[in-house]
Amino acid sequence: ASGEAQDNKVIFILAYLGILFFLPLVSTPNSKVGRFHANQGLVLLLASIAGGIVVSILSAIFLAISWRLWVIPSLLSWIWWLAIAALAIIGMMNANKGLQKPLPVIGKFTIIK
């Protein structure tokens, strides 16, 4: 792991906790590693919001059909948030190891260059 990744490890780990994605941009503005983890954190945040909206819409549809279908949106919601939590943990583990490894599925998107 590079010295920079070691020195700023905690900040890079925190970047995966929702709105805290911007921390590396503020604390290490000229860092490529910092921008990488900030980008991964932002992509994760946007994916969680977009997925949450989709799950809410699907929930409304299932509940409009019948309240007895409540178990389906409930299950979808649990699966979605578990997936987001798993991605956050993977990102944090990579940051902890000093790796710049894209998150599975969503990690290929670049918003912060």
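Work through the residues other than residue 92 whose Cβ is under 15 Å from its Cβ and net out their charges, Lys, Arg +1 and Asp, Glu -1.
Local charge sum for residue 92: +3.
What is the count of Lys pairs in the chain whose alpha carbons sit under 19 Å apart, if the two are 8 or more places apart or on different chains?
Value for the chain: 8.
Applying the Karplus parametrisation 6.51 cos²θ - 1.76 cosθ + 1.60 with θ = phi - 60° to the phi angles of the stretch 17-25, what ³J(HN,Hα) value in whole Hz is obtained for each residue in order, glycine and proline being reported as x?
Going residue by residue, I get 9, x, 5, 6, 3, 6, 3, x, 5 Hz, with x marking Gly and Pro.
Please give the per residue accessible area of the chain, computed with a probe of 1.4 Å over protein heavy atoms only, in Å².
Using a 1.4 Å probe on heavy atoms only, each residue of the chain averages 60 Å².
Please give the helix 71-97 orientation as an angle from the longest Cα principal axis of the chain, in degrees from 0 to 90, rounded to the nearest 10.
For helix 71-97, the angle is close to 10 degrees.
Compute the convex hull volume of the Cα atoms of the stretch 21-113, divide it by the residue count, and report the result per residue in Å³ as a whole number.
Given the Cα convex hull of the stretch 21-113, per-residue volume reads 86 Å³.
The values are calculated or read from the model by the stated rules, or taken from the named source; none is laboratory data. A quick note: this is a predicted structure, and the numbers were derived from the prediction, not measured. FYI the Cβ positions are ideal-geometry reconstructions off the backbone, even for glycines, and counts take in every protein chain you see. To get the accessible areas, we keep the full protein, side chains included, count just its heavy atoms, and leave off ligands, DNA and RNA. Shrake-Rupley method; radii C 1.70, N 1.55, O 1.52, S 1.80 Å.
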